[in-house]
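A short write-up of the structure that comes next.
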Amino acid sequence: MENGMISGIQLLEQFFALENERRWDDYAIYLAENVEWILYENGKQIAISGKNEYLKRIKQAYIGVETRFEARNITEYKKQNRIITLLENSNGDMSIDIFEIKDGKIIKEWEYIP
């Protein structure tokens, strides 16, 4: 799967579809080796560093869960090579996620869960 020639929004749409399908090997292709995921939830900040830790954390989140999500809004901020998303899962829970993409890979994600 070649993702270097698509837009950042298309990249994330594919990334989200793979997450919903739990296709973790294909999903991993979109992550840089040194990806950082900063998660803000319940007043706490959790930093996940590296592709392996990212994948471990996301897989754990879906154990025994059938939840799917969709992007309600995706906006590209080209000036800083970032994409801002508003995501809603099938339980009605929402998050705001900001992705930084470089060379067709996600290098950083900030996730805010109210």
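If you take the Cα centroid of the stretch 7-41 and the Cα centroid of the stretch 50-114, the two points sit 7 Å apart.
Determine the dipole magnitude for the stretch 8-113: charges of +1 sit on the beta-carbon of Lys and Arg, -1 on that of Asp and Glu, nothing else is charged, the reference point is the Cα centre, and the result goes in debye to the nearest 20.
Magnitude of the dipole: close to 240 debye.
Tell me the net charge near Ser49. Cut-off is 12 Å between Cβ atoms, Ser49 excluded, with +1 for each Lys or Arg and -1 for each Asp or Glu. Value of the local net charge: 0. Each stretch of four or more DSSP H residues adds -39500 (n - 2.57); spread over every residue of the chain, this sum gives -7500 deg cm²/dmol at 222 nm. Just check the stretch 52-114 against the gyration tensor rule for me: Cα atoms, a ≥ b ≥ c as the square roots of the eigenvalues, rounded for a/c under 1.5, and otherwise prolate or oblate depending on whether a/b exceeds b/c. In terms of gyration-tensor shape, oblate.
Read the figures in this text as sums done on the coordinates, not as results from a lab. Just so we're clear, the structure is a prediction, and the values are computed from it rather than from any experiment. Note that we place each Cβ from the backbone using ideal geometry, even for glycine, and neighbour counts take in every protein chain shown.
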